[in-house]
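Readers should treat all values here as calculations from the given coordinates under stated rules, not as data from a laboratory. What you see is a predicted model, and the numbers here were worked out from it, not measured in a lab. No Cβ is skipped: glycine too gets one built from the backbone with ideal geometry, and neighbour counts run over all protein chains shown.
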Amino acid sequence: MVRFYALAILLVLAFTTLAQQKATGILESRSGKVDFVSEAPLEIIKASSIELKGLIREPDRTFAFSISNRSFKGFNSPLQQEHFYENYIEATKYPVSTFEGKIIEPIDFSQNGEYNLRAKGVLDIHGVKQERVIKVKLSVKNQEVKAFAQFDVLLEDHKITIPKMVYQKLSEKITVTVSLNFQPKAD
Amino acid sequence: MTWKKHFITCLVFSCILLTSKLSAQEPFFRINSLPEKFKDCQITAMMQDSCGLVWIGTSCGVLKFDGFDFKKPTAPDGNFDQPVSALFQDFTGRIWVGFRSGKVAFLQENSMEFFTVLNNNDVPVTGITTDHSGFYYFSTYGNGIYTVKNDSAINFGSTNGLSDLSIYTLVADQEGKIWAGSDAGIDVLTFSEGKPVVQHLGFEHGLPDIMVEKLVIDDEGNVWAGTHDNGFCRIDSKTLEVSILNNAASWDFGPVTGIIPGRENVWISTHGNGLIKVAMNLVKTPKAFSSFGGEDFLKPDGLFRDQEGNIWSFTSNRIILIPGDLFEFVSGNENNGLNNVHALMTDRENFLWYASEKGLFRHSPDFSEKEKPQKISLPPGISSRDITCLYQDTFGFVWIGTFGQGLYRINPDLLGGRFYTEKNGLVNNNILSISSIGQEIWFATLGGASRCKLSDGSSDEFPVFENFDESEGLGNNFIYCVYTDKQGQVWFATDGKGITRLSNGKFTTFGADQGLLSNKIYSITADSRGVVWCATHDNSLYYFAGEKFIRLQTRLDAGSTISSIVFDRKDNLLIIHENGIDIFNTQNQTLLKYRAESGISPIKPEFNSTAASSDGSIWIGNGNGLIRYSPPEKKTITRPVIILNSVEVFLEPVEFAVKNKFTWDQNHLSFSYTGLWFHNPANVRYKVMLEGYDLDWDLTSDRLINYSNLPGGSYTFRAMASQSDDFSKGSEISYSFKIARPIWQLWWFWVLIFTAVSALVYLLVKIRLNRIRRIEELKKETIMFQFETLKSQVNPHFLFNSFSTLISIIEEDKNLAVEYVEKLSVFFRNILEFRDKDLITLDEELEIIENYIFLQKKRYGENMSVEMKIADNHHLSLIPPLTLQLLVENAIKHNVISKIKPLKITIESTAEGLCVSNNLQKKSAVSESTGFGLKTIRRRYQLMGDLALKIEETNQTFSVILPLIKT
C-alpha cells in the first residue's frame, strides 16, 4: 500500500512538472554576456556586461532580450566610461538596449544538437530601431540551451554621433559578441 | 527656351560627374538623384508602366518620371504624400500604390484615389497583383493576404494555411497561382471558388533559403526567388521544382533585393554588394560575377529592365541607369596591357589575343583588376606595334600578320613559331587581313593576295603560297580585307576598285556599275543568311543582292570613318567608328546609336579590330581598351514612345482625356509631350503639326508648342518622336478638338440681327407716323377751337348783351362808354392775335380775362365778383390761349347771377396748377350746354403732352385745375 502511494505521488509529481513545462514553453536566460569592441586606428576600446536578460518562447520561436546600458564595464578609463554612458549611448535618456523578434528556422529545443539559426528582429539601441537578421549558433544539451552570436553595429544606423576629434579613436563599426545560457522556465 | 537647353546640359554633366571610374569589366552606368524639390524623399519602389513612364515610390508619395521631369500625379489632397511600399499596374493599365500605412490607392483618370474596399490597417502593403478572373490580391507585412473582387475583401491568414503573416513579396503566375514570399519560404496559393489551397515551399523542397524577400516572374512564367542569405533560384511554375542557379553555399553578396531573369545573363541587386550580373551560359556554376556601382550604390533596393532594354536600379536616394545593357568595358591599365589595341582575336578556348602598344597578350574572357594576361613572346625583329591581324587556323596555329615583316605563325603549344616573308613566296610583306575556308588560308596584302593550303597540323609543314594580283583578276593589289563566306567564296575589299569575288575559281570585280558608288572598301562581313555586307570609305553600307550591291538607305551619320562592321548572331549589324557604335537591326531596319550617353565616345578603333566569341559576344578593340558587346537578351523597342503630357488653355491645364471642345475665346492652346527614351532623352526630336492650321510638319527639339489666336474650327494636334530623325515607324499621338466660332460668325446671329433691325425700323416709322397724325389732329383741334371760340365770341348774345350794356352806359357816362368800346375792341383784337398760337403766357391770358371781366362786370355789376391770386413766379408760365376766358364764360353761362345769389369766381395759382373755381348755383334750365368748352380744353392739354386737367365738383363749388406749363 505504501509503495502504491509512493508511486502515485511520484507519478502525479512527474505529470505536474511535465505539464508545467508544456504550459510555459519558455526558455529563460540564466546568464547572459555582451562584449563589444571598437577597433579604431588609434585606440581599441572594449567593454562588457553580464546583465543581458532574455526569453525565448518555444511554440512560436519569438524572443526578447534586454540589457541595461549602464551595466557595461571595462573601457580604458573611467572618463571614457562616463563618455560612453552620457555622450554616446545617452543612458539617462535611453537606459536599455533591446532586441525583439523571431527565430526564422524551425527548431526543436528538446533535441540535442548544434544549430545555425537566424534571429530576425528589431534592434533598439539609442532609441533608434533597426530591423536586423542576426546569425546565431545554438547548442542544445539536455534542455540546457547555449546561444552565441556576433554582429556589427554601425553607429550611423543608430544615430550615435561621434565628435570629429575622436573619430580616430572610435570606430564607426562596433563588433558585438553575445553569449547566453537558457533553461526552461519552471514555475 | 535656352534655360531648357541649359538644364539638359546640366543633366548630362551631372550624369558624367556621377559616373564612377571604370575598373575591371563593367558596364557603363549613369546615376541620378531626385531633384531638389524631392531631395528629402527616400525611394522605396520603382516600376515602368505599359506606356513607358517610370513610376517611383518614395517616402513622400509616388512620382512619375519621363526622362526629364519628376512629377507628382494629381491628387485631391496631400493624403497621398505618404511612404509607398508597393507599386503595380494591372491588365487594364491602372496604376496601384500600396502604402506603408496599410492603405491602397489607385490612379483614376490621372488623379489619385484611395481604394476603400480594403480595410487593412497599420501594417504595410507589400505586394499587389491580379489574375485574369478579376481577383486582386494584396499582401501585407503582418496581416497576411487580402483578396478583393466586386467590392468585397476577404482576409487570408494562418487559419487558411498561410505559413507567415508577414509577406515580403507577392506575384501571380500565368496560370493565376499566387506566390507569396516570407520568412517561412514560399506559399503558392491556388484559388478555387475564392478559397485558397496553399502549397508550401521550404528547405525540404530545395529552396536555398526560406527567407524569400523577392519573387519575379520570367517570360516563360517561371518564378525566380531571391533570398536573404543564399542567393536566388528558379522555380518551375507547373511542377514547383526548384533549380538553384548559383552555388548557394558560397553566396556572399548579401540579401537579394531584385532580379532580372534571363537565359544568358541574370541581373541581381543585393543589399551590401550592389548590382551583380550573373552569366548563365555555364549552368549552375556562374563564372563571372562583377559588382559595381561604387560606395554610393552598395545597397540597391530593387531592379528592373525597361522596354528599351536599359537596366534600372535604385537606392534610397539614387537611381542608376545602365543604358542598353549591351556593352561592358575593360580599360587599359598596368596589368592588362590594353593600351591602343590594334589587333584582336579569340582562340578556340575563347581566350582573347590582343596586340597593343605593350605587346601581344593572351587573356581569359573574364577581366578582373588583379588578373594578368599571358604575354606572348615575339621573335626579334617584330614589334607588337607592327601587328595588323591575328588569326587561328583549324589546327590551332596562330597566324600573326604584320606590316612590313610578313607573317609569323605560332605553334598551338605556344612554344615556337616560324616566319614567312616574300622570300618564302609570300606575295607581299604588308599583311592586312587573314581569313580561311577550312584548311585553305587567305592573306590580304598591299601587293595582292596569297593563299596557302595546309595538309596536316604538324609544325614542320612548310606551306606553299599561291599568289594572286591584278593580272589574275583581282580588282587591284591594295587589299584591306579578305572575307571567306559560308559558300566558299572569297571576297576582297580593294582600295580603289571596289570588291573582287573569287567564286569557283573565277574572279569578278564589283564597282560603280554594280552599285558600289564608292570604290574604297574597308570592311566586309556577312549575316546569318550569307548576305555579304561592306562598309566603304565614304561611310556608306552596301549589301550584296545576287548580282549587284545595294546601298543602305538608312541615314548613318557616323561622322567619322567606319572602321569595322560585324554581325552578332541575332543579325544586328555593329557599325564601329570613332564617334561610337551604331547598331543596325536588319529585321526592322532601325538604327540605334550608342555614343557618349552609353559610355562609347570617343573611341579610337583600329580597322577590323573585332573578335567574335563562341558565347555570342563580340570584342571590340579600341584606344581605351576593350568593349565587350553581348546581343540584347530581349526584344526591345527601338524608337521613343511619345506621350501627351498636358494640354493647356491660356496656361491652365485641361482634362484632355475628356475635354475637346472650347469656346471661341479659349483659343490659346499649349501642348506638352515627351518621347520616352531613357537611353538618351535629350537626343529625341519631334515632328509636330496642328491639322487644320499648320500646312506641314514642324521638326523640333522642344517638348512644348503653343498655338495662339486660333480661329474657330476643328483641329487635330499630331506629334511623333524619333531618336534618329527617322519618323517612318515611330509612335504618334493625336488630339482632336474644336474651337467654337465667335457668335458673329454664325448664320443665326445675322438672322437675329436683321430681324431686330427690321423691327426697330418698323417701330420708328410707326412712332413717326403716330406723331404726324397727332400733330395733324392737334392742328385740326386748334382750328376747331378757334372756330368755336370765334363762334362763341361773335355769339349774338354776347354782342347783344354787350351792346345793351353799352347803350345804357352811353347815356350815363360818355367816357365810360368810350372805355367800354375800347375794352371790347382790345378783347376782340386779343382773340384775333392769340388764336393761331398753341401757347401764350399766363400774363397775356390774364390781360384777355381782365378785359372780358370788365365787359361782363358792366353787365352784372356787384352780382358777379372775380378774385385773382397769382403767384409771382407763375406769371410767365404758359397756357393754351383763351382757356381762362372759356372757363369764366362757362361759369357765367351755367350759373344764376343775381343780387341774392352773387357769383364768385376765383382764379388762383397753386402748386398743382391754376385753379379756376366758382360757387355752384346752376340755372334750372340750362341753355345750350354742349360741354364743348371743357372737352376742348382737356383735348388740347392731352395733345400737348399728356397733361391732365382736374375737375372737382361739390355741392357748393365747381373748380377746374389747369396744369401750368413751365417755360
statement: The summed charge of the B:ALA180 Cβ neighbourhood (under 11 Å; Lys/Arg +1, Asp/Glu -1) stands at -1
task: Have a look at the DSSP beta bridges in chain B and tell me what percent are antiparallel, nearest 5.
output: 95 percent
- prompt: Which helices, taking whole DSSP H runs in chain B, have alpha carbons extending 18 angstrom or more along the helix axis plus mean Kyte-Doolittle at least -1.0?
  reply: B:2-18, B:747-793, B:796-812, B:814-834, B:842-860
query: What fraction, in whole percent, of alpha-carbon pairs in segment B:356-428 exceed 21 Å separation?
result: 28 percent
Among B:PHE468, B:GLN589, B:TYR820 the positive-end extreme of the charge dipole of chain B (Cβ point charges): B:TYR820
statement: Dividing the helical contributions, -39500 (n - 2.57) per DSSP H run of n ≥ 4, by the residues of chain B yields a 222 nm value, nearest 500 deg cm²/dmol, of -5000 deg cm²/dmol
- prompt: From the cross-link list B:LYS72/B:LYS103; B:LYS497/B:LYS729; A:LYS129/B:LYS72, which pairs have alpha carbons spaced over 25 Å apart?
  reply: B:LYS497/B:LYS729; A:LYS129/B:LYS72
field: Stokes-Einstein translational diffusion, chain B - Kirkwood Rh over all Cα pairs, 0.692 mPa s, 37 °C, in µm²/s
entry: 87 µm²/s
- request: Just the number, please: percent antiparallel of the DSSP beta bridges in segment B:547-698, rounded to the nearest 5.
  value: 95 percent
task: Could you give the size of the charge dipole of segment B:641-745 about its Cα centre, using +1 on the Cβ of each K and R and -1 on the Cβ of each D and E, expressed in debye and rounded to the nearest 20?
output: 240 debye
statement: Fewest to most Cβ atoms within 10 Å: B:THR346, B:THR636 sort as B:THR636, B:THR346
message: Name the residue from B:HIS200, B:ILE479, B:PRO83 whose Cα lies farthest towards the positive end of the charge dipole of chain B, charges +1 on Cβ of Lys and Arg and -1 on Cβ of Asp and Glu.
response: B:PRO83
statement: What helix-only [θ] at 222 nm does chain A give? Using -39500 (n - 2.57) per DSSP H run of at least 4, over all residues, to the nearest 500, the answer is -5000 deg cm²/dmol
- line: For A:LYS185, the aspartates and glutamates lying under 20 Å Cα to Cα, once residues fewer than eight places off in the same chain are dropped, come out as A:GLU28, A:GLU51, A:GLU58, A:ASP60, A:GLU100, A:ASP108, A:GLU144
FRET efficiency, 1/(1 + (r/R0)^6) with R0 30 Å, evaluated for B:GLU472 and B:GLU349 via beta carbons: 0.20
statement: Charge dipole of the protein assembly as shown built from unit charges on the beta carbon (Lys, Arg +1; Asp, Glu -1), centred at mean Cα; most positive-end Cα among B:TRP750, B:LEU454, B:SER436 is B:TRP750
- request: Would you kindly state how much longer the chain becomes between B:VAL751 and B:THR663 on full extension, computed as 0.36 nm times their sequence separation minus their alpha carbon distance, in nm to one decimal?
  value: 29.6 nm
- prompt: In the structure shown, do any of B:LYS39/B:LYS593; B:LYS858/B:LYS901; B:LYS71/B:LYS661 have a Cα-Cα gap over 21 Å, and if so which?
  reply: B:LYS39/B:LYS593; B:LYS71/B:LYS661
field: All aspartates and glutamates inside 14 Å of B:LYS780 as judged from Cα atoms, apart from same-chain residues fewer than 8 positions distant
entry: B:GLU788, B:ASP836, B:ASP838
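May I ask which of B:LYS823/B:LYS922; B:LYS195/B:LYS238; B:LYS299/B:LYS372; A:LYS102/A:LYS135; A:LYS135/A:LYS173 have a Cα-Cα span longer than 22 Å here?
With Cα atoms farther than 22 Å apart: B:LYS823/B:LYS922; B:LYS299/B:LYS372.
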- prompt: Using the 10 angstrom Cβ neighbour count as an exposure proxy, how do B:THR906, B:THR44, B:THR957 rank, fewest first?
  reply: B:THR957, B:THR906, B:THR44
field: Label-point separation in nm, B:ILE550 to B:GLU777, each point 7 Å along Cα→Cβ
entry: 10.0 nm
message: Explain nothing, just the number: dipole magnitude of the protein assembly as shown about its Cα centre with +1 on each Lys and Arg Cβ and -1 on each Asp and Glu Cβ, in debye rounded to the nearest 20.
response: 2360 debye
- prompt: If packing is taken as the mean number of other Cβ atoms within 10 Å per residue, what is the order of B:69-81, B:318-330, highest first?
  reply: B:318-330, B:69-81
Estimated distance in nm for a label pair at B:THR954 and A:VAL122, the labels positioned 7 Å out from Cα along Cα-to-Cβ: 10.5 nm
- request: Note down the net charge around B:ASP218, summing +1 for each Lys or Arg and -1 for each Asp or Glu among other residues with Cβ under 15 Å from its Cβ.
  value: 0
task: Please label the shape of segment B:519-577 as rounded, prolate or oblate, based on the square roots a ≥ b ≥ c of the eigenvalues of the alpha-carbon gyration tensor (a/c under 1.5 means rounded; beyond that, a/b larger than b/c means prolate, else oblate).
output: oblate
- prompt: Using a simple charge model, +1 on the beta-carbon of Lys and Arg, -1 on the beta-carbon of Asp and Glu, nothing else, what dipole does chain B show about its Cα centre, in debye to the nearest 20?
  reply: 3420 debye
field: Tensor-based shape of segment B:850-942 (alpha-carbon gyration tensor, a/c under 1.5 rounded, otherwise prolate or oblate)
entry: oblate
message: Using a 7 Å offset from Cα along Cα-Cβ at B:LEU414, what residues in segment B:339-362 end up with backbone N under 13 Å from the label point?
response: B:347-354, B:360-362
message: Compute the distance from the alpha-carbon center of segment B:106-140 to that of segment B:653-712, in whole Å.
response: 35 Å
query: Tell me, what does the Kirkwood hydrodynamic radius of segment A:26-184 come to in angstroms if you use every pair of distinct C-alpha atoms?
result: 16.3 Å
- request: Compute the normalised compactness of the protein assembly as shown: alpha-carbon radius of gyration over 2.2 N^0.38 Å, N being the residue count.
  value: 1.75
